[in-house]
Ligand code: PHE
């Protein structure tokens with residue numbers, strides 16, 4: 001029996017030694033130590049042995065179990081360490097290599113200008129207003145004191161969808177929409193797209209405006225000038241001056257065109273300002289009381305200030321862009337300049 005057990009140990013040793021994977025060492029473990037493994041069989045067979053041999057044989061079997069258990073555990077440890085090591089090597093990354101970069105886009109110059117302008121007015125207590133681009137004639141024209149068939153409509157050539165539905169030609173439509181829904185005081189700026197059938201180096205059939213409206217008691221043309229001067233100084237620089245020229249809009253009385261000193265030559269005269277030193281950036285005025293009457297605001301108690309500017313025009317001035325069409329071509333070489 002002793003030889004039989006010694007032989008079993010030798011067999012197990014060589015099986016353990018030649019195991020080269022976790023699976024094969026586990027098989028060995030089951031073969032010798034498992035419930036129906038060789039050693040267990042030997043222990044079970046002890047009942048057939050003569051009484052006096054049993055303690056000695058039991059001792060041999062236990063010793064054999066200890067030796068085989070120790071050896072399989074050692075081999076298991078060794079193999080699982082080897083497996084982890086090879087996994088680590090296979091999955092390792094070279095942290096000194098350059099990462100994969102994704103191309104980041106940038107904001108369009110018109111978006112940059114819009115955000116900057118809106119931020120300036122927000123800091124002056126204005127909130128954002130909004131209205132639809134497909135608009136009713138009533139809000140775009142009639143309530144703003146431009147009746148049907150009135151010659152003032154010629155100022156803004158229009159895309160009509162039906163007789164009373166059109167693509168808004170100006171963000172001033174938001175003035176009307178806001179006034180019928182809001183009690184004064186009102187202070188809003190409304191950025192948005194507008195449409196007119198014009199197309200050349202300085203006009204596009206779609207362009208963007210920002211409209212401003214103040215309705216309050218005791219506001220005057222002087223407040224409008226102070227407001228727009230503060231705005232222009234923040235948008236361009238501190239040296240910027242503002243000048244009002246008399247003009248006409250049906251919804252404001254008096255109406256003005258607003259010029260600022262050229263931000264490129266500071267009033268000396270250059271290519272951008274066509275030698276005049278001034279650049280027109282806004283239309284503005286005191287809201288015509290007829291507009292208040294149309295929108296249900298008490299024109300005896302309240303005064304209004306309104307202004308509107310073209311975003312593309314301001315972007316062209318600010319960034320020295322000579323042709324408006326570049327703004328719509330989406331040439332990435334141009335857009336990358338604004339990163
Ligand atoms: N809506 C005018 C335009 O598009 C600009 C403007 C706005 C003028 C507000 C006066 C007051 O030409």
Here are some residues: 265, 273. Which one is out of contact with any strand residue (DSSP E or B) (no Cβ under 7 Å at 6 or more places or on another chain), more than 30 Å from residue 142 (Cα to Cα) and either at pLDDT below 90 or more than 16 Å from the ligand (Cβ to nearest atom) (or both)? 265
Given the conditions (1) surrounded by fewer than 20 Cβ atoms within 10 Å (Cβ to Cβ); (2) at pLDDT 95 or above; (3) under 20 Å from residue 252 (Cα atoms); (4) within 13 Å of the ligand (Cβ to nearest atom), every one holds for residue 138 apart from (4)
For region 144-169, enumerate the residues that are within 15 Å of the ligand (Cβ to nearest atom), surrounded by fewer than 24 Cβ atoms within 10 Å (Cβ to Cβ) and either at pLDDT 90 or above or assigned to a strand (DSSP E or B) (or both). 145, 146, 158, 159, 166, 167, 169
I'd like to check something: does region 53-73 contain any residue that is farther than 23 Å from residue 6 by Cβ and either assigned to a helix (DSSP H, G or I) or in contact (Cβ under 8 Å) with a residue 40 or more places away in the chain (or both)? no
Residue list for region 204-248, filter: within 13 Å of the ligand (Cβ to nearest atom), surrounded by fewer than 18 Cβ atoms within 10 Å (Cβ to Cβ) and closer than 22 Å to residue 174 by Cα: 221, 247, 248
Which condition number in (1) part of a loop (DSSP other than H, G, I, E, B); (2) under 30 Å from residue 331 (Cβ atoms); (3) free of Cβ contacts under 8 Å to residues at least 12 places away in the same chain is the one that residue 183 fails? (2)
Mind listing whichever residues of region 305-317 are touching a helix residue (DSSP H, G or I) at 6+ places or on another chain (Cβ under 7 Å) and near the ligand (Cβ under 10 Å from one of its atoms)? 305, 306, 307, 308
Can we say residue 177 is touching a residue at least 40 places away in the same chain (Cβ under 8 Å) and more than 12 Å from the ligand (Cβ to nearest atom)? yes
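The values are calculated or read from the model by the stated rules, or taken from the named source; none is laboratory data. The model shown is predicted, which means the values in this text are computed figures rather than measured ones. Here Cβ is always computed from backbone atoms with ideal geometry, including for glycine, and neighbour counts include all displayed protein chains.
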